[in-house]
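Encoded as C-alpha coordinates, the structure appears first; notes follow it.
The values are calculated or read from the model by the stated rules, or taken from the named source; none is laboratory data. Just so we're clear, the structure is a prediction, and the values are computed from it rather than from any experiment. Here the Cβ positions follow ideal geometry from the backbone for every residue, glycine too, while neighbour counts run over all protein chains shown. Ligands, DNA and RNA are stripped out before the accessible areas are found, and what is left, the full protein with its side chains, is counted by its heavy atoms. Shrake-Rupley method; radii C 1.70, N 1.55, O 1.52, S 1.80 Å.
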Amino acid sequence: QTVEEKIEYRLQFRPQEQGKMETLRNLTLINRDGLPIPLRSVTEFEILPGAAGIKHYFGERTITVFADIDRKKISTGEINADLAEFIEERGLLQRFDRLRLWFGGELEQQQEAMGNSGIAFLACLIGIFFLLTLLFNSLSQPFLIMIVIPFGFLGVIVAFALQDMEMSMMAFIGILGLAGVLVNDSLVMIHTLNLRKQEKDGDPFLSEDEISEGAKQRLRPIVITSVTTVAGLAPGAYGLAGSNPFMTPVFMAIAWGVLFGTFVTLWLLPCLYAAEQDLRRLLRRPLERFRAHN
(Lines give C-alpha, C1' and ligand atoms only; values in the text may rest on other atoms or scores of the structure.)
Protein backbone atom coordinates (compact mmCIF):
# COMPACT_ATOMS: atom_id res chain seq x y z
CA GLN A 1 0.00 0.00 0.00
CA THR A 2 1.34 3.42 -0.93
CA VAL A 3 0.44 6.84 0.38
CA GLU A 4 -0.54 9.16 -2.46
CA GLU A 5 0.91 12.30 -0.97
CA LYS A 6 4.29 13.94 -0.59
CA ILE A 7 5.85 13.38 2.82
CA GLU A 8 8.94 15.32 3.79
CA TYR A 9 11.21 13.90 6.47
CA ARG A 10 14.57 14.71 7.99
CA LEU A 11 17.23 12.36 9.39
CA GLN A 12 19.05 13.52 12.51
CA PHE A 13 21.79 12.18 14.75
CA ARG A 14 21.03 11.25 18.30
CA PRO A 15 21.31 14.22 20.70
CA GLN A 16 24.58 12.98 22.23
CA GLU A 17 26.16 12.80 18.75
CA GLN A 18 25.01 16.18 17.45
CA GLY A 19 27.34 19.18 17.25
CA LYS A 20 30.55 17.10 17.19
CA MET A 21 33.16 17.18 14.44
CA GLU A 22 34.05 13.55 15.06
CA THR A 23 30.50 12.46 14.26
CA LEU A 24 30.73 14.17 10.89
CA ARG A 25 34.19 12.74 10.17
CA ASN A 26 33.02 9.18 10.90
CA LEU A 27 29.90 9.47 8.76
CA THR A 28 29.90 6.71 6.16
CA LEU A 29 28.88 6.99 2.54
CA ILE A 30 28.10 4.26 0.01
CA ASN A 31 30.30 4.48 -3.09
CA ARG A 32 29.38 3.29 -6.57
CA ASP A 33 30.64 -0.20 -5.74
CA GLY A 34 28.24 -0.43 -2.84
CA LEU A 35 30.98 -0.29 -0.20
CA PRO A 36 30.79 1.98 2.88
CA ILE A 37 33.59 4.52 3.20
CA PRO A 38 34.12 7.21 5.87
CA LEU A 39 33.47 10.78 4.85
CA ARG A 40 36.89 11.90 6.12
CA SER A 41 38.60 9.87 3.40
CA VAL A 42 37.05 11.85 0.53
CA THR A 43 36.93 15.40 1.89
CA GLU A 44 38.69 17.90 4.11
CA PHE A 45 37.01 19.68 7.01
CA GLU A 46 37.49 23.30 8.02
CA ILE A 47 35.76 25.18 10.82
CA LEU A 48 34.57 28.66 9.81
CA PRO A 49 32.08 31.17 11.27
CA GLY A 50 28.57 30.47 10.11
CA ALA A 51 25.16 32.11 10.30
CA ALA A 52 23.78 32.55 13.79
CA GLY A 53 20.44 31.22 12.63
CA ILE A 54 18.48 30.23 9.56
CA LYS A 55 15.83 32.78 8.66
CA HIS A 56 12.64 31.92 6.79
CA TYR A 57 10.20 34.07 4.84
CA PHE A 58 6.87 32.41 4.01
CA GLY A 59 8.47 29.04 4.67
CA GLU A 60 11.46 29.61 2.36
CA ARG A 61 15.02 30.00 3.56
CA THR A 62 16.35 33.52 3.14
CA ILE A 63 19.70 35.29 3.26
CA THR A 64 19.88 38.81 4.68
CA VAL A 65 22.64 41.10 3.43
CA PHE A 66 23.18 44.19 5.54
CA ALA A 67 25.71 46.99 5.97
CA ASP A 68 26.07 50.38 7.61
CA ILE A 69 25.26 53.39 5.42
CA ASP A 70 27.34 56.53 5.24
CA ARG A 71 24.45 58.96 4.73
CA LYS A 72 26.82 61.76 3.81
CA LYS A 73 27.71 59.88 0.62
CA ILE A 74 24.56 57.95 -0.29
CA SER A 75 20.97 57.48 0.82
CA THR A 76 18.82 54.40 1.30
CA GLY A 77 16.80 55.16 -1.81
CA GLU A 78 19.92 55.45 -3.98
CA ILE A 79 21.28 52.14 -2.69
CA ASN A 80 18.04 50.31 -3.48
CA ALA A 81 17.85 51.95 -6.92
CA ASP A 82 21.45 50.90 -7.73
CA LEU A 83 20.76 47.38 -6.49
CA ALA A 84 17.60 47.05 -8.60
CA GLU A 85 19.50 48.32 -11.66
CA PHE A 86 22.33 45.83 -11.05
CA ILE A 87 19.88 42.92 -10.78
CA GLU A 88 18.12 44.00 -13.97
CA GLU A 89 21.37 44.37 -15.94
CA ARG A 90 22.66 40.94 -14.88
CA GLY A 91 19.29 39.26 -15.37
CA LEU A 92 19.57 37.44 -12.04
CA LEU A 93 15.85 36.82 -11.69
CA GLN A 94 15.71 35.26 -15.16
CA ARG A 95 18.84 33.12 -14.65
CA PHE A 96 17.84 31.82 -11.21
CA ASP A 97 14.15 30.99 -11.13
CA ARG A 98 14.17 30.23 -7.40
CA LEU A 99 15.65 33.61 -6.52
CA ARG A 100 13.26 36.02 -4.85
CA LEU A 101 14.10 39.56 -3.73
CA TRP A 102 12.25 41.75 -1.26
CA PHE A 103 13.18 45.41 -0.73
CA GLY A 104 12.02 46.07 2.82
CA GLY A 105 13.33 47.65 5.97
CA GLU A 106 13.78 51.40 5.93
CA LEU A 107 12.73 51.73 2.28
CA GLU A 108 9.43 49.96 2.94
CA GLN A 109 8.82 52.09 6.02
CA GLN A 110 9.56 55.27 4.09
CA GLN A 111 7.15 54.35 1.30
CA GLU A 112 4.40 53.54 3.78
CA ALA A 113 5.03 56.73 5.72
CA MET A 114 5.05 58.77 2.50
CA GLY A 115 1.63 57.38 1.59
CA ASN A 116 0.26 58.29 5.02
CA SER A 117 1.86 61.74 4.82
CA GLY A 118 0.21 62.34 1.43
CA ILE A 119 -3.22 61.58 2.91
CA ALA A 120 -2.50 63.81 5.91
CA PHE A 121 -1.30 66.62 3.63
CA LEU A 122 -4.45 66.41 1.49
CA ALA A 123 -6.64 66.47 4.60
CA CYS A 124 -4.68 69.49 5.86
CA LEU A 125 -5.23 71.43 2.64
CA ILE A 126 -8.94 70.60 2.56
CA GLY A 127 -9.33 71.69 6.18
CA ILE A 128 -7.53 74.99 5.60
CA PHE A 129 -9.57 75.72 2.47
CA PHE A 130 -12.85 74.93 4.26
CA LEU A 131 -12.06 77.26 7.18
CA LEU A 132 -10.93 80.07 4.89
CA THR A 133 -14.09 79.73 2.83
CA LEU A 134 -16.21 80.16 5.96
CA LEU A 135 -14.09 83.12 7.09
CA PHE A 136 -14.12 85.10 3.84
CA ASN A 137 -17.40 83.81 2.39
CA SER A 138 -15.58 83.42 -0.93
CA LEU A 139 -14.15 80.65 -3.08
CA SER A 140 -11.49 82.70 -4.86
CA GLN A 141 -9.77 84.36 -1.90
CA PRO A 142 -8.91 81.06 -0.13
CA PHE A 143 -7.04 80.12 -3.31
CA LEU A 144 -5.14 83.42 -3.13
CA ILE A 145 -4.14 82.73 0.45
CA MET A 146 -3.13 79.12 -0.21
CA ILE A 147 -1.14 79.96 -3.37
CA VAL A 148 1.81 80.75 -1.09
CA ILE A 149 2.02 77.11 0.06
CA PRO A 150 3.57 75.59 -3.11
CA PHE A 151 6.00 78.52 -3.34
CA GLY A 152 7.07 77.86 0.24
CA PHE A 153 7.64 74.19 -0.61
CA LEU A 154 9.75 75.30 -3.57
CA GLY A 155 11.88 77.37 -1.19
CA VAL A 156 12.43 74.30 1.02
CA ILE A 157 13.54 72.18 -1.96
CA VAL A 158 15.96 74.88 -3.14
CA ALA A 159 17.39 75.35 0.36
CA PHE A 160 17.94 71.61 0.87
CA ALA A 161 19.54 71.30 -2.58
CA LEU A 162 21.94 74.20 -1.97
CA GLN A 163 22.98 72.71 1.37
CA ASP A 164 23.24 69.18 -0.08
CA MET A 165 20.72 67.80 2.41
CA GLU A 166 18.52 64.77 1.86
CA MET A 167 14.74 65.22 1.77
CA SER A 168 14.14 62.71 4.54
CA MET A 169 10.87 61.63 6.08
CA MET A 170 11.30 64.15 8.90
CA ALA A 171 11.72 66.89 6.30
CA PHE A 172 8.35 65.95 4.80
CA ILE A 173 6.79 66.13 8.26
CA GLY A 174 8.22 69.65 8.56
CA ILE A 175 6.71 70.53 5.18
CA LEU A 176 3.36 69.22 6.40
CA GLY A 177 3.50 71.56 9.39
CA LEU A 178 4.71 74.39 7.16
CA ALA A 179 1.41 74.44 5.27
CA GLY A 180 -0.44 75.76 8.31
CA VAL A 181 2.26 78.33 9.13
CA LEU A 182 2.53 79.80 5.63
CA VAL A 183 -1.10 80.91 5.40
CA ASN A 184 -0.79 83.20 8.43
CA ASP A 185 0.96 86.07 6.60
CA SER A 186 -1.28 85.68 3.54
CA LEU A 187 -4.35 85.72 5.77
CA VAL A 188 -3.25 89.03 7.33
CA MET A 189 -2.56 90.55 3.91
CA ILE A 190 -5.91 89.57 2.33
CA HIS A 191 -7.86 90.62 5.43
CA THR A 192 -6.24 94.08 5.38
CA LEU A 193 -7.03 94.58 1.69
CA ASN A 194 -10.63 93.49 2.26
CA LEU A 195 -10.99 96.02 5.09
CA ARG A 196 -9.79 98.80 2.80
CA LYS A 197 -12.35 97.67 0.23
CA GLN A 198 -15.16 97.83 2.81
CA GLU A 199 -14.17 101.39 3.73
CA LYS A 200 -14.91 102.54 0.17
CA ASP A 201 -18.40 103.64 -0.74
CA GLY A 202 -19.82 102.53 -4.05
CA ASP A 203 -16.85 101.07 -5.92
CA PRO A 204 -16.23 97.48 -4.68
CA PHE A 205 -12.77 97.35 -6.29
CA LEU A 206 -9.44 98.71 -5.12
CA SER A 207 -7.12 100.62 -7.38
CA GLU A 208 -3.49 99.58 -7.84
CA ASP A 209 -2.36 102.41 -5.56
CA GLU A 210 -4.78 101.33 -2.85
CA ILE A 211 -3.57 97.74 -3.07
CA SER A 212 0.01 98.97 -2.87
CA GLU A 213 -0.81 101.08 0.21
CA GLY A 214 -2.52 98.12 1.87
CA ALA A 215 0.49 95.89 1.23
CA LYS A 216 2.81 98.59 2.57
CA GLN A 217 0.66 98.84 5.71
CA ARG A 218 1.19 95.12 6.45
CA LEU A 219 4.88 95.07 5.55
CA ARG A 220 6.25 95.56 9.06
CA PRO A 221 3.92 93.09 10.90
CA ILE A 222 4.52 90.34 8.31
CA VAL A 223 8.28 90.81 8.27
CA ILE A 224 8.52 90.88 12.07
CA THR A 225 6.37 87.76 12.42
CA SER A 226 8.42 85.83 9.87
CA VAL A 227 11.80 87.00 11.19
CA THR A 228 10.96 86.01 14.76
CA THR A 229 9.76 82.60 13.57
CA VAL A 230 12.94 81.98 11.58
CA ALA A 231 15.10 83.27 14.45
CA GLY A 232 13.45 80.82 16.83
CA LEU A 233 13.99 77.87 14.47
CA ALA A 234 17.52 78.71 13.28
CA PRO A 235 19.38 77.44 16.40
CA GLY A 236 17.70 74.05 16.10
CA ALA A 237 18.19 73.92 12.33
CA TYR A 238 21.91 74.66 12.41
CA GLY A 239 22.82 73.25 15.82
CA LEU A 240 23.87 76.60 17.32
CA ALA A 241 23.02 75.43 20.84
CA GLY A 242 23.28 71.67 20.35
CA SER A 243 22.12 69.58 17.42
CA ASN A 244 19.44 66.94 17.12
CA PRO A 245 19.77 65.06 13.78
CA PHE A 246 16.24 63.71 14.16
CA MET A 247 14.58 67.15 14.40
CA THR A 248 17.00 69.23 12.31
CA PRO A 249 15.20 68.56 8.97
CA VAL A 250 11.89 69.64 10.54
CA PHE A 251 13.32 72.95 11.77
CA MET A 252 15.15 73.47 8.48
CA ALA A 253 12.02 72.91 6.36
CA ILE A 254 9.81 75.24 8.39
CA ALA A 255 12.43 78.00 8.68
CA TRP A 256 13.29 78.17 4.99
CA GLY A 257 9.68 77.71 3.94
CA VAL A 258 8.54 80.64 6.10
CA LEU A 259 11.41 82.81 4.87
CA PHE A 260 10.69 82.13 1.20
CA GLY A 261 6.92 82.35 1.70
CA THR A 262 7.28 85.82 3.23
CA PHE A 263 8.73 87.26 0.02
CA VAL A 264 5.96 85.60 -1.98
CA THR A 265 3.32 87.08 0.33
CA LEU A 266 4.72 90.60 0.11
CA TRP A 267 5.42 90.63 -3.62
CA LEU A 268 3.24 88.09 -5.45
CA LEU A 269 0.06 88.10 -3.35
CA PRO A 270 -0.88 91.77 -3.99
CA CYS A 271 -0.38 91.14 -7.71
CA LEU A 272 -2.67 88.11 -7.58
CA TYR A 273 -5.22 90.13 -5.60
CA ALA A 274 -5.24 92.76 -8.37
CA ALA A 275 -5.59 90.02 -11.01
CA GLU A 276 -8.52 88.53 -9.10
CA GLN A 277 -10.21 91.94 -9.11
CA ASP A 278 -9.67 92.27 -12.88
CA LEU A 279 -11.28 88.88 -13.37
CA ARG A 280 -14.24 89.96 -11.25
CA ARG A 281 -14.66 93.08 -13.41
CA LEU A 282 -14.71 90.97 -16.58
CA LEU A 283 -17.33 88.63 -15.17
CA ARG A 284 -19.40 91.40 -13.61
CA ARG A 285 -20.64 92.91 -16.87
CA PRO A 286 -22.00 89.68 -18.42
CA LEU A 287 -23.70 88.83 -15.13
CA GLU A 288 -25.35 92.27 -14.96
CA ARG A 289 -26.60 91.93 -18.55
CA PHE A 290 -27.94 88.45 -17.81
CA ARG A 291 -29.81 89.73 -14.76
CA ALA A 292 -31.17 92.71 -16.70
CA HIS A 293 -32.64 90.45 -19.42
CA ASN A 294 -34.22 88.17 -16.84
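How about segment 187-246: which GluC sites (Glu not before Pro) there lie in a loop by DSSP and see at most 14 other Cβ atoms within 10 Å? Here no GluC sites (Glu not before Pro) fit, given the DSSP loop and packing criteria. With a simple spin-label model that places each label point 7 Å from the Cα along the Cα-to-Cβ direction, the separation between residue 9 and residue 240 comes to 7.7 nm.
Need one word for segment 129-194: rounded, prolate or oblate. Basis is the Cα gyration tensor (sqrt eigenvalues a ≥ b ≥ c); a/c below 1.5 gives rounded, then a/b vs b/c decides. Verdict is prolate for segment 129-194. In degrees, nearest 10, range 0 to 90: what is the angle between the Cα axis of helix 248-293 and the longest Cα principal axis of the chain? Helix 248-293 and the main axis of the chain meet at about 50 degrees.
Between residue 219 and residue 280, the modelled labels are 2.5 nm apart [label points 7 Å from Cα along Cα→Cβ].
Using a 1.4 Å probe, what is the accessible area per residue for the chain, in Å²?
That works out to 74 Å² per residue.
On the chain, 60 percent of the accessible area sits on carbon and sulfur atoms, based on a 1.4 Å probe.
Residue 223 sits among other residues whose Cβ lies under 12 Å from its own Cβ, and their net charge, with Lys and Arg +1 and Asp and Glu -1, is +2. Applying 0.36 nm per residue to the separation of residue 28 and residue 79 and subtracting their alpha-carbon distance, the gain on full extension is 13.7 nm. Volume per residue for segment 150-273 equals 93 cubic angstrom (convex hull of Cα atoms). Between the Cα long axis of helix 106-136 and the first principal axis of the chain there is an angle of about 20°, rounded to the nearest 10.
Give me the angle, in degrees from 0 to 90, between the Cα long axis of helix 76-90 and the longest principal axis of the Cα atoms of the chain, rounded to the nearest 10. So the helix axis and the longest Cα principal axis differ by about 50 degrees.
How big is the C-alpha Rg of the chain next to the rule-of-thumb value 2.2 N^0.38 Å, as a ratio?
Cα Rg divided by the expected 2.2 N^0.38 Å: 1.78.
Of all stretches in the chain that contain no trypsin sites (Lys or Arg not before Pro) in a DSSP loop with at most 14 other Cβ atoms within 10 Å, the longest one is 101-199.
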